[in-house]
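Colleague: Mind having a look at this structure? Questions to follow.
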Number of protein chains: 2
Amino acid sequence: MNEPFDAVSVIRTKRDRNRIPDPQIDWVIDAYTRGIVAEEQMAALAMAILLNGMEGDELSRWTDAMIGSGERLDLSGVRRPTTDKHSTGGVGDKITLPLAPLVAALGAAVPQLSGRGLGHTGGTLDKLESIPGWRAEVSNADFIQQLNEIGAVICAAGDGLAPADRKLYALRDVTATVEAIPLIASSIMSKKIAEGSSSLVLDVKVGTGAFMKTEAQARTLAETMVALGTAAGTHTVALLTDMDTPLGLTVGNALEVRESIEVLAGGGPADVVELTVALAIQMLAGAGITGVDPADALADGRAMDVWRAMIRAQGGDPDATLPVAAEKHVVTSRVTGVLTRLDAYAVGVAAWRLGAGRARKEDQVSAAAGINLLVKPGDSVVTGQPLLVLHADDPDRFDRALQALEGGYDITPGGTFTPSPLIIDKIGR
Amino acid sequence: MNEPFDAVSVIRTKRDRNRIPDPQIDWVIDAYTRGIVAEEQMAALAMAILLNGMEGDELSRWTDAMIGSGERLDLSGVRRPTTDKHSTGGVGDKITLPLAPLVAALGAAVPQLSGRGLGHTGGTLDKLESIPGWRAEVSNADFIQQLNEIGAVICAAGDGLAPADRKLYALRDVTATVEAIPLIASSIMSKKIAEGSSSLVLDVKVGTGAFMKTEAQARTLAETMVALGTAAGTHTVALLTDMDTPLGLTVGNALEVRESIEVLAGGGPADVVELTVALAIQMLAGAGITGVDPADALADGRAMDVWRAMIRAQGGDPDATLPVAAEKHVVTSRVTGVLTRLDAYAVGVAAWRLGAGRARKEDQVSAAAGINLLVKPGDSVVTGQPLLVLHADDPDRFDRALQALEGGYDITPGGTFTPSPLIIDKIGR
């Protein structure tokens, strides 16, 4: 078969800091998906993109081509306005769990296609799978029906969405090209746009526990994604939010489900509630729903009702006892003072080592493993006071988790702590 | 087997513009040769090197690692001082043919491991293979014996020299990373240093028919290679030489052998003689031989004697009739004026299309195909005067060769031509 372009000339264009013309973008993504453009050629192109960047309309076309490599969900059968959320990933980030039913309770449909965790950040599906009976796979027909009847679905994305992205993501992982902002943005946005929601809210995390370590990087990523969504006709806004400290008081699958249920019952940690409500307001605005108060829907049980229906619709028992770890280890303070730092990355790695996360895609996660935070930055502690409770199925895991926590928090005698805002900025309108 | 490093961290180091530490350089070349570092990983690293460069000692270590991936020739059995030449490739560049026997005639040993041509530049082995009976393959024992007895061997490099380079070169070819100066320099120098000669002269071509189009690029490449040779203990100098115009009056395998024999007989085009003598002086100086005049050894037949012995030692008949093309086509001038430009690249592509070169490694070349230049820049011509004679085995090839020549030369009525120097500069001492 005769190909209209060749990979070397496409790579050379980007290598020499020029814009790749639209037909070559369409071709290179399609030919890569078909296996005509080889892995080593896409690796060289990805490195050239990382180092030389992409123009706005060039990246838009690239993202469109990624979407075009697969199917696009048809949500025309959904009778409510659709709105979706994506988080770039953090430690203790269980927000999707209370957020999707909350927004559904206020009249929107939330088609939330989610992933599993890798490394130190958890995955929404891993968390929900700690609920006995709950299943992540939902057929297309059930998906639409559940959106109409209940208003929220949290489920696994099918293999048909942006297959080019799945191939490219695996390649980037082994070629040190994960960190290219245009490629991160197009990877996220190609899947989110293909999911067909008419509005989208991005939670772009900044800090030690996030993928973006600096506010400048996070802002660039957020602006890039908002521009891509807008160009594709999806109403898109982003919140930049803090991820120097874990969200809430739990990290780990079943532990985070329990905390989410507390939020849905009108309680829960202040930071989780604050971010859930803030994201709900943005999602509802994107769906054209105003004049409602998400905090009310948490307080009066409407969000909880949707949660229970949503869990039940996917085979789960909302009243089932969640798994509990066989082994616990309490970390206590060696000094008296103020907790001035609790590093999200250290806590994330520790929870991962306890069994809550996976190192490779094939790994199993433990439903019960994780960490309870008994204190948060700003709290005063005395010598011997419990700080953290580690949970694991196997006590052999405590040592390496404790190593990860070393240097991960500071307790300063007579210290003071100035809280930084959880929600740093909003990008897009 | 446990690997001491991982490819992603090595790629990341170069991606982030840092120097790759020596142990990681050694490992990545070795692991790539063993197939542990994947093609896509080396592709990403090559693009990062192309865009971010390498420090001098970093590239030296990289080159050492490439040499270490294979064997190193042992020339300790050679009783004469050894000296070698490498040209970066041009059009009509047959200089190795008269040069090696000339330098041998003056007391040095010339172990000249050569390659075949690809694209618009010819290969020394292709040229010599137009001599009936001549063979490019020489055993190690015969190689040393011929160097001692005759003083010059021009033969094919074995597969054992720098195998990492062969693998990397093939990868660079498909990933638009051929043009990285550090990778070009280490590719050439790893093979040349592994060949074990104690001195080396580089002919770095500049111009339309060369790989380096600008003097600045060529100078950078020459300086990089001289530094690598010097760091490895090989006395190395480079001449920057013009390649805007083809060298001599012939382009093509048997045609260039004929012209080389003219030079060895004391005649031949002035530019070929000038460059042969200039390179001979540098090679002899590198071998510690001074007070000899290469022009004398061309004039009095000493170089020719070595040539005849050298061809005979490798099975060739120096008196055999060389192949002649079945078909000829004469290009005549359409105007009267001065030839002010004769583009080396256009002539090289035309000769390639006539059958003198190959598009892929597997292709056969024609011994007889090529081009005779009847005029050179500065010559006055009249309407209807023959300018070029094209030679091919198959007349169907003339059309595409003529297309390549279109716009490849200028004849200006009343024009003047200011010759530029053939030898632009010398790098190294």
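Colleague: Counting Lys and Arg as +1 and Asp and Glu as -1, each charge on the Cβ, what is the dipole of the protein assembly as shown about the Cα centre in debye, to the nearest 20?
Modeller: 400 debye
Colleague: If I build a Gaussian network model for chain A, linking alpha-carbon pairs within less than 10 angstrom, which residue out of A:V389, A:V251, A:V174 has the largest mean-square fluctuation?
Modeller: Ranking A:V389, A:V251, A:V174 by mean-square fluctuation puts A:V174 first.
Colleague: Taking each residue of A:255-268 in turn, how many C-beta atoms of other protein chains fall within 10 Å of its C-beta, and what is the average?
Modeller: 0
Colleague: To continue, here is another question. How much net charge surrounds A:R397 when only other residues with a Cβ under 15 Å from its Cβ are counted (Lys, Arg +1; Asp, Glu -1)?
Modeller: Its environment carries a net charge of -2.
Colleague: Still on this structure, please answer the following. Which of the residues in region B:26-69 lose at least 40 Å² of accessible area when you go from the chain alone to all protein chains together (probe 1.4 Å)?
Modeller: Residues of region B:26-69 that lose at least 40 Å² of accessible area once the other chains are added: B:E40, B:A44, B:M47, B:L51.
Colleague: Using a Gaussian network for chain B with springs between C-alpha atoms less than 10 Å apart, which of these wobbles most: B:D317, B:D396, B:D26?
Modeller: Largest GNM mean-square fluctuation: B:D396.
Colleague: Assuming R0 = 60 Å, can you tell me the calculated FRET efficiency for the pair A:V382 and B:E274, based on Cβ-Cβ distance, to the nearest 0.05?
Modeller: 0.10
Colleague: Give me the compactness ratio for region A:7-68, meaning the Cα radius of gyration over 2.2 N^0.38 Å.
Modeller: 0.99
Colleague: Volume per residue, Å³, of the convex hull around the alpha-carbon atoms of region B:81-137?
Modeller: Here the figure is 89 Å³ per residue.
Colleague: If you stretched the chain out fully between B:K328 and B:T416, how much longer would it get, using 0.36 nm times the residue separation minus the C-alpha to C-alpha distance?
Modeller: 28.6 nm
Colleague: Let me ask something else about it. Cα atoms only, region A:1-150: Rg and Dmax in Å?
Modeller: 19.9, 54
Colleague: Using only the alpha-carbon atoms of region A:270-360, report the extent along each of the three principal axes, biggest first, to the nearest angstrom.
Modeller: Projected onto its principal axes, the Cα set of region A:270-360 covers 50, 36, 30 Å.
Colleague: Also, quick follow-up: Output the pairs from B:K328/B:K426; A:K127/A:K191; B:K191/B:K376; B:K213/B:K376; A:K192/A:K426 with a Cα-Cα distance over 30 Å in this structure; if there are none, say none.
Modeller: Listed pairs above 30 Å: B:K328/B:K426; B:K191/B:K376.
Colleague: Quick query: amide H of B:S333 versus all other amide H atoms, modeled in the peptide plane; which residues come in under 5 Å with a sequence gap of 5 or more or a different chain?
Modeller: The answer is B:G384, B:Q385, B:L387.
Colleague: Let me ask something else. Report, to two decimal places, the Cα Rg of region A:315-357 normalised by 2.2 N^0.38 Å (N = number of residues).
Modeller: Region A:315-357 yields a ratio of 1.69.
Colleague: Would you mind counting up the charge near B:A185? Only other residues with Cβ under 15 Å from its Cβ, with Lys and Arg at +1 and Asp and Glu at -1.
Modeller: -2
Colleague: Mind jotting down the distance between the C-alpha centroids of region B:247-292 and region B:1-71, whole Å?
Modeller: Between the Cα centre of region B:1-71 and that of region B:247-292, the gap is 39 Å.
Colleague: What FRET efficiency comes out for the pair B:A299/B:R79, r = Cβ-Cβ distance, R0 = 30 Å, nearest 0.05?
Modeller: The calculated FRET efficiency here is 0.65.
Colleague: Tell me, what HN-Hα J-couplings in whole Hz come from the Karplus equation 6.51 cos²θ - 1.76 cosθ + 1.60 at θ = phi - 60° for each residue of region B:139-145, using x for Gly and Pro?
Modeller: Working through the residues one at a time gives 6, 4, 5, 5, 4, 5, 4 Hz.
Colleague: Can I ask one more? I'd like the Kirkwood hydrodynamic radius of chain B, using the inverse of the mean 1/r over distinct C-alpha pairs, in Å. Each step should come with its number before you reach the end.
Modeller: Working: mean 1/r = 0.0448 Å⁻¹.
Value: 22.3 Å, from the Cα pair sum.
Colleague: A further question on this structure: Mind checking how much accessible area B and A bury in total, 1.4 Å probe, in Å² rounded to 100?
Modeller: Roughly 1700 Å².
Colleague: Using amide H atoms built 1.01 Å from N in the peptide plane, name the residues 5+ places from A:V37, or on other chains, whose amide H lies under 5 Å from its own.
Modeller: Amide H neighbours of A:V37, under 5 Å, 5+ apart: A:Y32.
Colleague: Å³ per residue of the Cα convex hull, for region A:105-171?
Modeller: Dividing the Cα hull volume of region A:105-171 by its residue count gives 116 Å³.
Colleague: Hey, another quick one. If you roll a 1.4 Å probe over the heavy atoms of the protein chains, what accessible area per residue do you get for chain B, in Å²?
Modeller: Accessible area per residue, chain B: 38 Å².
Colleague: How far, in degrees from 0 to 90, does helix A:96-105 lean away from the longest principal axis of the Cα atoms of chain A, to the nearest 10?
Modeller: 80 degrees
Colleague: So, one more: If you count, for every residue in A:5-13, the Cβ atoms of partner chains within 10 Å of its Cβ, what is the mean? Can you show the working numbers first?
Modeller: Working: counts 0, 2, 3, 6, 1, 1, 6, 5, 1.
Going residue by residue through A:5-13 and averaging, the value is 3.
Colleague: For every other residue with a beta carbon closer than 15 angstrom to the beta carbon of A:I11, add +1 if it is Lys or Arg and -1 if Asp or Glu, then tell me the sum.
Modeller: Counting the neighbours of A:I11, the net charge comes to -4.
Colleague: Compare each residue of region B:171-200 in its chain alone against the assembly with all protein chains, and report those whose accessible area goes down by 20 Å² or more; 1.4 Å probe, heavy atoms.
Modeller: Buried-area filter returns B:V174, B:T175, B:A176, B:E179.
Colleague: Please report, in debye to the nearest 20, how large the charge dipole of chain B is about its Cα centre when each Lys and Arg carries +1 at its beta carbon and each Asp and Glu carries -1 there.
Modeller: Values: 39 positive and 54 negative charges, 54 e Å.
Result for chain B is approximately 260 debye, rounded to the nearest 20.
Colleague: Given springs between every Cα pair under 10 Å in a Gaussian network model of chain B, which of B:G35, B:G252, B:G316 has the largest fluctuation?
Modeller: The residue with the greatest mean-square fluctuation here is B:G35.
Colleague: Let me ask something else about it. May I ask you to give the percent of accessible area on chain A that is carbon plus sulfur, with a probe radius of 1.4 Å?
Modeller: On the way: 8260 of 16490 Å².
Accessible surface attributable to carbon and sulfur in chain A totals 50 percent.
Colleague: Summarise the long-distance tail of P(r) for region B:93-210 by giving the % of C-alpha pairs beyond 21 Å.
Modeller: 43 percent
Colleague: Something else about it: List the relative contact order of chain B as a percent without decimals, with contacts defined as Cα pairs under 8 Å and 6+ residues apart. Provide the component values of the computation, followed by the final result.
Modeller: Working: 943 pairs, mean separation 85.1, N = 429.
RCO, chain B: 20 percent.
Colleague: Just for the Cα atoms in the protein assembly as shown, what are the lengths along the principal axes, largest first, rounded to whole Å?
Modeller: Principal-axis extents of the protein assembly as shown (Cα, largest first): 108, 59, 42 Å.
Colleague: Right, here's the next one. Which whole-angstrom value gives the distance between the alpha carbon centres of region A:343-395 and region A:182-245?
Modeller: Taking the Cα centre of each part, region A:343-395 and region A:182-245 sit 27 Å apart.
Colleague: Quick one: pull the percentage of alpha-carbon pairs in region B:161-285 with a separation above 23 Å.
Modeller: Beyond 23 Å sits 42 percent of the P(r) for region B:161-285.
Colleague: As a test of the formula, what do you get for chain B when each DSSP H run with n ≥ 4 contributes -39,500 (n - 2.57) and the sum is divided by the residue count, at 222 nm and rounded to the nearest 500 deg cm²/dmol?
Modeller: For chain B, the value works out to -13000 deg cm²/dmol.
Colleague: Pop out the Kirkwood hydrodynamic radius of region A:323-401 from its pairwise C-alpha distances, inverse of mean 1/r, in Å to one decimal.
Modeller: Averaging 1/r across every pair of different Cα atoms and inverting gives 13.2 Å.
Colleague: Counting only residues 5 or more places away or on other chains, whose amide H sits under 5 Å from the amide H of A:L202 once H atoms are built in the peptide plane?
Modeller: A:H86, A:V237, A:A238, A:L239
The values are calculated or read from the model by the stated rules, or taken from the named source; none is laboratory data. Just so it is clear, the structure is predicted and the values come from calculations on it, not from any experiment. Cβ atoms come from the backbone with ideal geometry, glycine included; neighbour counts cover every protein chain shown. Calculation scope for accessible area: heavy atoms of the full protein, side chains included, ligands and nucleic acids excluded. Shrake-Rupley method; radii C 1.70, N 1.55, O 1.52, S 1.80 Å.
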